[in-house]
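Asker: Shown below is the structure under consideration.
Values quoted throughout were computed directly from the atomic coordinates according to the rules given, and no laboratory measurement underlies them. Remember, predicted model here, so these are calculated numbers, not experimental data. Positions of Cβ are generated from backbone atoms using ideal geometry, with glycine treated the same way; all protein chains shown enter the neighbour counts.
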Amino acid sequence: MGTSDNFYLKRRSVLARMMSNKDIPEKDLEIILAAGIRVPDHGALNPWKIKVIVGEKLKIVDEEIILSEFKKQNPDADQLQLETESRRLQRAGAVLAVISSPVEHPKIPEWEMRLSSGAVCMNLLSCAQSMGYAAQWLTEWYAYNEKMLEYLGGDLKKDQIAGFIYLGHKKEEPNERRRPDPQKIISYL
Ligand SMILES: Cc1cc2nc3c(=O)[nH]c(=O)nc-3n(C[C@H](O)[C@H](O)[C@H](O)COP(=O)(O)O)c2cc1C
């Protein structure tokens, strides 16, 4: 296979606000989720959880958590801001919340467990994109909100939201974005 055919050399995210939020067929969601938990994981500790948010739950989280928390933190917000916050998750057909949930271990550092959560996010994203879906990895402000973490079943003492993987349908192909200069990043020892 020539390098130009390689999926990873063309893979690109689609902004959540540019995707169509029709449902994601369940059989495709199952494939994406199976790929998401098929990641390197030192000690097979599975130090992550995925919460699948679809259908009416997207609206419920938007209104009961995101909008409500935003209002608390921004009492002077204008109408436009409130509208944006009231439909964050509803930009997608499905949102996969990845929660990093490290465990106590005598040898394996927590850092490695956190990295493995990033791998879950990236596998979910890449798998969805390989199937032609529009997908984006976002944290935005509400990934750092305690009410959100609690609502998703996270343990406030140790868990963290690694990301929300937004899944939708493409309305158009995304443009390429600026990519790093390999010479500034990669060198041979
Ligand atoms: C952990 C993490 C959090 C991110 N959070 C945001 C965010 O809150 N808002 C945003 O505009 N982009 C965010 N991004 C960047 C988007 O995912 C963006 O679509 C991505 O960098 C595009 O890369 P690609 O075209 O190579 O897929 C985040 C990326 C990562 C890895």
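Asker: If you take all C-alpha pairs in segment 42-115, what percent of them are over 14 Å apart?
Answerer: It works out to 67 percent of all Cα pairs.
Asker: Compare the Cα positions of Leu67, Met19, Asn46 along the charge dipole of the chain (+1 at Cβ of Lys, Arg; -1 at Cβ of Asp, Glu; about the Cα centre) and return the one farthest towards the positive end.
Answerer: Result: Met19.
Asker: Return the tail of the calculated pair distribution for the chain, meaning the percent of Cα-Cα pairs more than 28 Å apart.
Answerer: More than 28 Å apart: 31 percent of the Cα pairs in the chain.
Asker: Moving on. Can you compute 3J(HN,Hα) from phi for each residue in segment 113-122, using the Karplus curve 6.51 cos²θ - 1.76 cosθ + 1.60 with θ = phi - 60°, rounded to whole Hz and x for Gly and Pro?
Answerer: Each residue's phi maps through the Karplus curve to give 6, 5, 4, 5, 5, x, 5, 4, 4, 5 Hz.
Asker: Another one. Tell me, what ³J(HN,Hα) does each residue in segment 160-171 have, in order and in whole Hz, if you take phi through Karplus 6.51 cos²θ - 1.76 cosθ + 1.60 with θ = phi - 60° and put x for Gly and Pro?
Answerer: Taking θ as phi minus 60°, the curve returns 9, 7, 7, x, 10, 9, 7, 10, x, 10, 6, 8 Hz for segment 160-171.
Asker: Karplus couplings for segment 140-145 from phi (6.51 cos²θ - 1.76 cosθ + 1.60, θ = phi - 60°), rounded to Hz, Gly and Pro as x?
Answerer: The phi angles translate into 6, 6, 7, 6, 10, 9 Hz.
Asker: Same structure, new question: Which residues does a label at His42 reach in segment 110-144, if reach means a backbone N under 20 Å from a point 7 Å past the Cα toward the Cβ?
Answerer: 110-123, by backbone N distance to the label point.
Asker: Would you list, by chain and number, the lysines whose Cα falls below 28 Å from the Cα of Lys147, excluding same-chain residues fewer than 8 positions away?
Answerer: By straight Cα distance, Lys147 reaches Lys22, Lys49, Lys51, Lys57, Lys59, Lys71, Lys72, Lys157, Lys158.
Asker: Where the centroid of each part is defined by its Cα atoms, how far is segment 111-141 from segment 66-92 in Å?
Answerer: Computed from Cα coordinates, the inter-centre distance equals 24 Å.
Asker: Ok, one more. Using +1 on the beta carbon of Lys and Arg, -1 on that of Asp and Glu, and nothing else charged, what's the dipole of segment 60-189 about the Cα centre, debye to 20?
Answerer: Value, rounded to 20: 480 debye.
Asker: Hey, got the Cα dimensions of segment 5-45 along the principal axes, in Å, largest first?
Answerer: Principal extents (largest minus smallest coordinate, Cα): 39, 28, 20 Å.
Asker: With label points built 7 Å along Cα→Cβ from the Cα atoms of Ile186 and Asp78, find their separation and express it in nm.
Answerer: Modelled inter-label distance: 4.6 nm.
Asker: Still on this model: Based on DSSP H runs of at least 4 residues, each adding -39500 (n - 2.57), what is the mean residue ellipticity at 222 nm of the chain after dividing by all its residues, to the nearest 500 deg cm²/dmol?
Answerer: Working: 7 runs with 61 residues, N = 189.
Helices in the chain give a 222 nm mean residue ellipticity of -9000 deg cm²/dmol.
Asker: Continuing with the same structure: Place +1 on the Cβ of every Lys and Arg and -1 on the Cβ of every Asp and Glu in the chain, take the dipole about the Cα centre, and give the residue among Leu124, Pro102, Phe7 whose Cα lies farthest towards its positive end.
Answerer: Toward the positive end, the furthest listed residue is Phe7.
Asker: With the crude spin-label approximation of a point 7 Å out along Cα→Cβ, what separation in nm comes out for Arg87 versus Lys158?
Answerer: 4.0 nm
Asker: Turning to a different aspect of this structure: In debye, nearest 20: dipole of segment 94-152 around its Cα centre with unit charges on the Cβ of K, R (+) and D, E (-)?
Answerer: That gives segment 94-152 a dipole magnitude of about 160 debye.
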